[in-house]
Each structure stands twice: as C-alpha cells, then as structure tokens.
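S.K.: The structure's right below; bear with me while I get my questions together.
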Amino acid sequence: MGLVHAAKITHVPTIWMSHTIPEFKGLRDSALEGFSKLSATTQAAKVDTFVVMDTHWIVNQGFHLNAKPRHQGNFISHELPHMLSDLAYDYQGDAELSELIVEEVRASGQRAIGHAHPDLGVEYGTLLPMYFINQGSFARVIPVACNQFASMEENRQFGAAIGKAIAKSERRVSLLASGSLSHAFWPNHQSQAGVNAVNGEFNRQMDLRVLDLWQAGRWQEFTDMLPEYAVKCVGECAMADTAMLLGALGWDAYQGKGEIVTPYFGSSGTGQVIVNFPV
Ligand SMILES: [Fe+2]
C-alpha cells in the first residue's frame, strides 16, 4: 500500500512532565492535543506501521533499524531522568518491513542493518510520541537510528530508500521525523528559567522562517538552506530526521505544503513543532 501519513514531530520530555507531574499540568497541552490529532489521523488512515526516525537513537557508522518482533519495557531517560521516567511500552515490531528497507538501502549503495538483538532498547524520540499517538498499540513500530556522522546527502539517500521500500510494501505506513527545529539547550544555570523559551532570537527567527517555507511548499529553498540551518541552529543530530523525511518525500521535488498541527513552541531552549507533510 505504501506511505499514508508523514509528519515532523516533537518528543520533548516536558510533554511527559505535563502529562505525569501535577505541578506541570497544562504546560504542554498543545503538544498533547497535537499527538491526539495525529492519533486520530493515523487511525483514520488505517496506519499499521509507524516508522520513526529517532534523533535520540544516535549511531556512528552506517544506518540501523530496530527490527525486533516486539518492543516492550519500562523507560527512564538517562539524560533527563528527573523529567522522563516510568514510561511503559509494548508494541509489535515489523521485521518484514525492516528487511525491505534494509534491502533497499543496500541496493542504493549504503550500509544498513536491521537488529533483532533482545537487549536493544528503544529511545524516547520514539517512545514518547508513540505513547500518545499509537494509543492502544494499534500499529507496529520500527525505530530508525540517525547517524551523527552521515552527510546531508547520505541522509537524503537513506530517506529515499526508506520511501522506496515503504512504497513497495503491503503496509500502510506513517513516517515520523522525531526531532526538534533549532536545538540549543540553555546553559545549565538558565535551564529551569528557560523551560518554555527558545535559546536565542536568531534560532527562533530561523525556525519561524523555516515553518513559513514549509507551509508555502518552498522545498527548493529549504533543502538549499538545510545544511547551513542544521549547523547554525545546532540541529538535533544534525537534523538527520528532517533530511530523511524529505528524502522519502522527494526532497526538493516534494509537492506538499506543511500543515501545522501543534504551533511552534520553545522547550528548554529548543524549537519544537508538529507539522503534517501531506502525502
Ligand atoms: Fe530530543
């Protein structure tokens, strides 16, 4: 069947705090509403597999997918344990589609491996949004790693191969790029005061301009600026998720116009948003 939904999504732990800690209740209602909308959209589209490009699963060589038949456990973030813990999860994996993706990536001339090792966990770039979108575990999940040393062109090609494999598959896939826009955390002493702010007017303005370009469907300009945007605005894992998403959608030839689901917001210095990319 192929790709039936695509989006750029947020995964910030403040969403979990808003959901679980009474004093933070309401803090991230707009993100929670956005996730609810994505849940409804993907269920209506009869999505049966989520492919999540996760900027928190960072790898150093080649491309990797979590091809386990089942993802199950209880998660605490090692980087922000005070913000995100006790996240229980249980999803079916998708070894079959993972294998198709690996084959397609290899055919494109790059290295890819699908892992079914029982000790391989799942990061919160996948788990946090899945908790709210994949309600009742209605769909399978494939976490996809981001290579922090891959070039933008390699990420584009990896995304294109993912798109090709999805198109050849029998699945109805939602492809999610889980990562921020600008990603400049606050210096430690400002981290609590800056919980709802973007670190720096330059980053905020760049993010807002990027969202204008996405909504106008100006992909040629965006893909031209993406490498520099990722560097100057401290992209999360070099904005690999965004490059992969656009790679899957056709890069500068993509015809869609971004649709804001959750308006832009600052979280701990970083710029966050949820945007549908019509397919
Ligand atoms: Fe993150």
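S.K.: Might you check whether a residue that is within 16 Å of the ligand (Cβ to nearest atom) and either of a type outside the set (S, T, N, Q) or in a loop (DSSP other than H, G, I, E, B) (or both) occurs anywhere in the stretch 146-158?
M.R.: Yes, there is a match, as at least one residue in the stretch 146-158 is within 16 Å of the ligand (Cβ to nearest atom) and either of a type outside the set (S, T, N, Q) or in a loop (DSSP other than H, G, I, E, B) (or both).
S.K.: Within the stretch 1-36, which residues are surrounded by 16 or more Cβ atoms within 10 Å (Cβ to Cβ), of a type outside the set (A, V, I, L, M, F, W, C) and under 27 Å from residue 166 (Cβ atoms)?
M.R.: 5, 8, 10, 11, 34
S.K.: Something else about it: Looking at the stretch 84-93, is at least one residue surrounded by 21 or more Cβ atoms within 10 Å (Cβ to Cβ) and more than 16 Å from the ligand (Cβ to nearest atom)?
M.R.: Yes, there is a match, as at least one residue in the stretch 84-93 is surrounded by 21 or more Cβ atoms within 10 Å (Cβ to Cβ) and more than 16 Å from the ligand (Cβ to nearest atom).
S.K.: From the set of residues in the stretch 45-74 that are away from the ligand (no atom under 14 Å from the Cβ), among the hydrophobic types (A, V, I, L, M, F, W, C) and out of contact with any Pro (no Cβ under 9 Å at 6 or more places or on another chain), which is farthest from residue 278 (Cα to Cα)?
M.R.: By that ranking, first place goes to 59.
S.K.: If I ask for residues that are farther than 15 Å from residue 276 by Cα and within 16 Å of the ligand (Cβ to nearest atom), which ones from the stretch 213-242 would you list?
M.R.: Within the stretch 213-242, 230, 233, 234, 235, 236, 237, 238, 239, 240 meet the criteria.
S.K.: Sticking with this one: Tell me the residue from 243, 248, 238 that is more than 22 Å from residue 49 (Cβ to Cβ), among the small types (Gly, Ala, Ser) and either in contact with a Phe, Trp or Tyr (Cβ under 7 Å, 6 or more places away or on another chain) or touching a residue at least 12 places away in the same chain (Cβ under 8 Å) (or both), please.
M.R.: 238
S.K.: While we're looking at this one, here's another question. Could you grab me the full set of residues in the stretch 169-197 that are more than 14 Å from the ligand (Cβ to nearest atom), outside any loop (DSSP other than H, G, I, E, B) and within 23 Å of residue 146 (Cβ to Cβ)?
M.R.: 173, 174, 175, listed by residue number.
S.K.: Something else about it: Quick check on this structure: which one of 55, 41 is in contact with a Gly (Cβ under 9 Å, 6 or more places away or on another chain), closer than 25 Å to residue 243 by Cα and of a type in the set (Val, Ile, Thr)?
M.R.: 55
Each reported figure results from applying straightforward, stated rules to the coordinates on display, with no laboratory input. Bear in mind that the values here come from a model prediction, so they are computed numbers and not experimental data. Every residue, glycine as well, gets a Cβ built from its backbone with ideal geometry; the counts of neighbours run over all protein chains shown.
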